[in-house]
1. Using the structure shown, decide if Lys31 is touching a strand residue (DSSP E or B) at 6+ places or on another chain (Cβ under 9 Å) and surrounded by 13 or more Cβ atoms within 10 Å (Cβ to Cβ).
2. Among the numbered criteria (1) surrounded by 19 or more Cβ atoms within 10 Å (Cβ to Cβ); (2) within 24 Å of Ala15 (Cβ to Cβ); (3) of a type outside the set (Phe, Trp, Tyr); (4) under 16 Å from the mean Cα position of the chain (by Cα), which one does Leu76 miss?
3. Do any residues in region 19-31 that are farther than 30 Å from Gln144 by Cβ have Cβ atoms under 7 Å from those of residues that are open to solvent by less than 50 Å² (accessible area, probe 1.4 Å), where the two are at least six apart or on different chains, and which pairs are they?
4. Show me the strands (runs of 3 or more DSSP E) found entirely inside region 1-114 where at least 3 residues are of a type in the set (S, T, N, Q) and more than 23 Å from Glu125 (Cα to Cα).
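The values are calculated or read from the model by the stated rules, or taken from the named source; none is laboratory data. Since the structure is predicted, the reported quantities are computational estimates derived from the model, not experimental observations. Virtual Cβ from ideal backbone geometry, glycine too; neighbours counted across all protein chains shown. For accessibility, only protein heavy atoms count, side chains too; no ligands or nucleic acids. Shrake-Rupley method; radii C 1.70, N 1.55, O 1.52, S 1.80 Å.
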Amino acid sequence: MRTELNPDKTSRALAYQYWSSSVVPMVTVVKKIDVTKLVCISKKHNYKINMLMCWCIGKASSTIPECYLLSEGDKLYRYDALSVQVIVQDKNGKLAFCDVPYNDDLVEFNKSYLERTGRSYETGEDNLLPERLMISTSALPFFQFDVCVNQYNPTYKNAFLVWGQFSRHLWKYSVNMSLNFCHLLMDGSHVATLFNNFQKAINGLA
């Protein structure tokens, strides 16, 4: 569920004043993330790497109020809950979009992830949750990139995270993660908090 807000009466009032007329109000930040603990947990519990990345993204975003905001045209909305969207390649090679509802409980999130992505894999159909604010993700597990700058669509201002192949150095793993965000909705400090929370979520996996 979402609620319409008056931007002038929120913490984003100044951002709307400065950037509401911007042709491209999007910013891309790339950071190297230590995913050693995530790889270990994946191997130990037979969890999918992508599922763990998505859960940590949801965990990192869930305590940041700005991550629940979405701008559509000249309107601003606040959502009550989050989902993490993954791109699924179905059994015929077609791509489908699948939203997984964020849940603090990793086991329950994993169940939803497997059930919903499995359905998209079998049917080739999108599996969306429009009542939740969707955080988009895209994984390129066979390509190791340095920087990824996402496309800009004026009607699409959801946060979008992309990562590629993990790098290994001795016993440690890392990955470059790209975050594309709308400056109307978030500032650099929120992005820094999001990345810090993401690293803490990985390190806190048990």
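1. Working: touching a strand residue (DSSP E or B) at 6+ places or on another chain (Cβ under 9 Å): yes; surrounded by 13 or more Cβ atoms within 10 Å (Cβ to Cβ): yes.
Answer is yes for this residue.
2. (4)
3. Trp19/Pro25; Trp19/His183; Trp19/Leu184; Ser20/Leu184
4. Numbers: elements: 2-5, 26-34, 69-72, 75-79, 82-89, 95-101.
The strands (runs of 3 or more DSSP E) meeting that bar number zero.
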